[in-house]
Amino acid sequence: QVQLVESGGGLVQAGGSLRLSCAASGSIFSINTMGWYRQAPGKQRELVAIIGTTSGVTNYGDYVKGRFTISREKPKNTVYLQMNNLKPEDTAVYYCNTCTTICSWGQGTQVTVSS
């Protein structure tokens, strides 16, 4: 099983930037992709971005394209989410995710964007 620990959330004004980190440990040899999801109050969890840990291929939700960038640092088993030009509608709890034989989730980190 994989353990995921997120960090980097916080409060920022609209137009500002934050960088989230997700460190993986445990059965990391079986990881193929890692992703970021978010869940706002009263809404379903949605995909923000995903990256192939070996290929580096990325995919983004339409609502963050051009503003967010996902990247990985393989030696540290860490994935980052650089968030620029943040909007109030980006306010949510952000979760790191990976699926091998089972799916693992981090504890979540709160991102709050004030207008």
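The values are calculated or read from the model by the stated rules, or taken from the named source; none is laboratory data. None of the values given here were measured: they were computed from a predicted structure. A quick note on method: Cβ atoms are made from the backbone with ideal geometry, for glycine too, and the neighbour counts reach across all protein chains shown. Please note that ligands, DNA and RNA were not included when accessible areas were found on the heavy atoms of the full protein model with its side chains. Shrake-Rupley method; radii C 1.70, N 1.55, O 1.52, S 1.80 Å.
Entry remark, the stretch 65-103: residues being assigned to a strand (DSSP E or B), open to solvent by 80 Å² or more (accessible area, probe 1.4 Å) and within 18 Å of residue 17 (Cβ to Cβ) number 0 in total.
Of the residues contained in the stretch 28-46, one or more are found to be at negative phi, in a loop (DSSP other than H, G, I, E, B) and basic (Lys, Arg). Residue 62 falls short on exactly one of the conditions (1) in contact (Cβ under 8 Å) with a residue 24 or more places away in the chain; (2) in a loop (DSSP other than H, G, I, E, B), and that condition is (1).
Any chance you could count how many residues in the stretch 1-31 are within 15 Å of the chain's Cα centre (by Cα) and more than 15 Å from residue 76 (Cα to Cα)? Residues that pass the stated criteria total 6.
Could you pull out the residue among 57, 12, 5 that is closer than 14 Å to residue 96 by Cα and open to solvent by 20 Å² or more (accessible area, probe 1.4 Å)?
Details: 57 fails: closer than 14 Å to residue 96 by Cα; 12 fails: closer than 14 Å to residue 96 by Cα.
Testing whether each residue is closer than 14 Å to residue 96 by Cα and open to solvent by 20 Å² or more (accessible area, probe 1.4 Å) leaves just 5.
Among residues of the stretch 31-46 being loosely packed, with under 13 Cβ neighbours inside 10 Å and of a type in the set (S, T, N, Q), the one that is farthest from residue 107 (Cα to Cα) is 32.
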